[in-house]
Amino acid sequence: MREVTERRRKRQAGQEIIEFALMAMFLVPMLLGSFVVGLNIIKSLQANQVVRDLDDIYIHGGDFSTYPLQQLAQRLGQGLNLQFPVFANGTNVQANTGTAGDGLVWVTQIMYIGATTDPNCVAAGASNCTNHDSFVFTQRIVFGNSNLNSVHPSVLGDPTGAKLANGGNVQNYVTDSNAQLSSSGEAALKALWQTNSNGQTPLTDGQVVYVVEGYFQTPSLSLGNVTSKGVYARSFF
């Protein structure tokens, strides 16, 4: 009996290695995926904290069209590799973007324009109030890597074609249709703010929302075929 057992063991030698190799084909990708997802969650938490801090500064009067405030954003986002060109203190730049770094930040002030009988439309002339009953851009500041805008654009859209003053202030936002949000951004904000659900009071004419968005690519979190798609975060006040 012992001889039979020993012969059987000899024939089975190396079987464990084969089994381990077969299991590793499934376990290793799962392990790498868990590692990438875990690190991505950490980056996502950091991005959420950064944009919330920036939005808190913004609603309290911080002017992100100035270089010192953009430097502050860079320090708050340490580890997210937010980069942008240098410009002189004392000036205001609406779009300060380059092609380096892993982050892009949008700082946006939005206003709700009420009905044609509300003050904003009355002041502009009811017949000229193109943007009645809708959200409009009143300020937009962008800084970071402009290449990332094609990877993950702002969910609010862009005031493309609208006349902007120094500091990103949108001119003629009541009458200029270019000041309107994108259709998807408009629908999202109306669902969020123009509702009576849960006792919420809809925004009225002239009320303002402060929004900071950030997208950060995370190339360092890619391993082989397991790649990170980057992280996006936004904050409303």
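The values are calculated or read from the model by the stated rules, or taken from the named source; none is laboratory data. In this text, all values refer to a predicted model and were calculated from it rather than measured experimentally. Every residue, glycine as well, gets a Cβ built from its backbone with ideal geometry; the counts of neighbours run over all protein chains shown. What goes into the accessible areas is simple: the full protein's heavy atoms, side chains included, and nothing from ligands, DNA or RNA. Shrake-Rupley method; radii C 1.70, N 1.55, O 1.52, S 1.80 Å.
Values for this structure:
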quantity	calculated
Residue under evaluation I141, criteria (1) of a type in the set (A, V, I, L, M); (2) closer than 20 Å to S65 by Cα; (3) touching a His at 6+ places or on another chain (Cβ under 7 Å), criterion not met	(3)
Subset of region 101-121 that is assigned to a loop (DSSP other than H, G, I, E, B) and touching a helix residue (DSSP H, G or I) at 6+ places or on another chain (Cβ under 9 Å) - its residue that is most open to solvent (accessible area, probe 1.4 Å)	T117
Selected residue (criterion: least open to solvent (accessible area, probe 1.4 Å)) from residues of region 184-208 that are among the β-branched types (V, I, T) and in a loop (DSSP other than H, G, I, E, B)	T195
Filtered residues of region 57-92 (kept if in contact with a strand residue (DSSP E or B) (Cβ under 8 Å, 6 or more places away or on another chain) and either under 16 Å from Q109 (Cα atoms) or of a type in the set (V, I, T) (or both))	Y58, I59, F64, S65
Pairs, first on the phi > 0 side of the Ramachandran plot in region 85-114, second open to solvent by less than 20 Å² (accessible area, probe 1.4 Å) and in a loop (DSSP other than H, G, I, E, B), C-beta under 9 Å, six or more apart	G101/L80; G101/L82
Selection from region 165-183 of residues that are open to solvent by 60 Å² or more (accessible area, probe 1.4 Å), in contact with a strand residue (DSSP E or B) (Cβ under 8 Å, 6 or more places away or on another chain) and either farther than 22 Å from G61 by Cα or outside any loop (DSSP other than H, G, I, E, B) (or both)	N169, Q180
Count of region 54-78 residues which are open to solvent by 50 Å² or more (accessible area, probe 1.4 Å) and not hydrophobic (A, V, I, L, M, F, W, C)	9
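Condition check ((1) over 21 Å from L189 (Cβ atoms); (2) within 18 Å of the chain's Cα centre (by Cα)) across all residues:
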residue: D55; (1), (2): no, yes
residue: F64; (1), (2): no, yes
residue: N81; (1), (2): yes, yes
residue: A88; (1), (2): yes, no
residue: Q94; (1), (2): yes, yes
residue: G101; (1), (2): yes, yes
residue: D118; (1), (2): no, no
